[in-house]
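Peer 1: Next up is a structure, given as structure tokens.
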């Protein structure tokens, strides 16, 4: 098995083209690039299975539409009939996802089989509301209370993931929490950080050297970081599926219970209503 992403060195890509791996782990963007080169098409010419993990992250987006075109090109490139497999814990409505993958009406393409094991799972979720009144723009006082609460949660758990929506906020939050906890306790993880620094943070969290990581979507899917006790979401996760996927990184065992805390930056009644609505939807998903 080999990995082909934007971080893969050119020497490794060249070796891969000469000696194709039995299993290739890649991204939609890297798959597209492989299909545009002669060596890449030859490498993929014996493909017989395409597994799309976390397929919910592609459905309904421009990235997903672009990936669908790559899948059709891959079917033409391969000399074998390709079996398509879509995986996700949060794909719903499931027939729409099947249609995206197979192209059939409501997922009813010949040979298409939908395996639905259900969506119910016990979750430990709650909304964290600061003591100070919230306003349209969060004051330094409110942010101070958020950092204080995050500090307490990190100390109460062995490993904590803190998801934010922007790289700027990831850096700012890492800086402020580092002042409270120390440089050896916490690290940032986002797309602007070098590959070496991201891998180092992942390795240190998995080994227990780090207690927490502040991350954007760069740490959302498919990265092995070991056991996680708690997931905190700062601000809106944009969708219930994304929120559930992130919280699902914690308690990720057969008998484990995912544990999440939401810090939604809304004010007054809207804050409470949206927070309660998020938890209701998450509980019923």
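Peer 1: Can you find even one residue in the range 19-36 that is in contact with a helix residue (DSSP H, G or I) (Cβ under 6 Å, 6 or more places away or on another chain) and either loosely packed, with under 14 Cβ neighbours inside 10 Å or assigned to a loop (DSSP other than H, G, I, E, B) (or both)?
Peer 2: Checked the range 19-36: at least one residue is in contact with a helix residue (DSSP H, G or I) (Cβ under 6 Å, 6 or more places away or on another chain) and either loosely packed, with under 14 Cβ neighbours inside 10 Å or assigned to a loop (DSSP other than H, G, I, E, B) (or both).
Peer 1: When the residues of the range 97-113 are filtered to those that are closer than 19 Å to residue 53 by Cβ, surrounded by 14 or more Cβ atoms within 10 Å (Cβ to Cβ) and within 26 Å of the chain's Cα centre (by Cα), which remaining residue is modelled with the lowest pLDDT?
Peer 2: 107
Peer 1: Give me a count of the residues in the range 172-197 that are part of a helix (DSSP H, G or I) and either without any contact (Cβ under 8 Å) to a residue 24 or more places away in the chain or outside the structural domain of residue 147 (by TED's automatic domain parsing) (or both).
Peer 2: Within the range 172-197, residues that are part of a helix (DSSP H, G or I) and either without any contact (Cβ under 8 Å) to a residue 24 or more places away in the chain or outside the structural domain of residue 147 (by TED's automatic domain parsing) (or both) number 6.
Residue by residue, here is whether (1) assigned to a loop (DSSP other than H, G, I, E, B); (2) at pLDDT below 80; (3) under 24 Å from residue 177 (Cα atoms); (4) assigned by TED's automatic domain parsing to the domain that holds residue 93 holds:
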{"site": "210", "(1), (2), (3), (4)": "yes, no, yes, no"}
{"site": "214", "(1), (2), (3), (4)": "no, no, yes, no"}
{"site": "218", "(1), (2), (3), (4)": "no, yes, yes, no"}
{"site": "226", "(1), (2), (3), (4)": "yes, yes, yes, no"}
{"site": "233", "(1), (2), (3), (4)": "no, no, yes, no"}
{"site": "238", "(1), (2), (3), (4)": "yes, yes, no, no"}
{"site": "242", "(1), (2), (3), (4)": "no, yes, no, no"}
{"site": "246", "(1), (2), (3), (4)": "no, no, yes, no"}
{"site": "250", "(1), (2), (3), (4)": "yes, no, yes, no"}
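Peer 1: Test residue 205 against the criterion of being closer than 27 Å to residue 26 by Cβ and at pLDDT below 80, and give yes or no.
Peer 2: So residue 205 fails the test.
Peer 1: On to the next question. Of the residues that make up the range 39-61, is at least one in a helix (DSSP H, G or I), without any contact (Cβ under 8 Å) to a residue 12 or more places away in the chain and not assigned by TED's automatic domain parsing to the domain that holds residue 248?
Peer 2: no
The values are calculated or read from the model by the stated rules, or taken from the named source; none is laboratory data. All values reported here derive from a predicted model rather than from experimental measurement. No Cβ is skipped: glycine too gets one built from the backbone with ideal geometry, and neighbour counts run over all protein chains shown.
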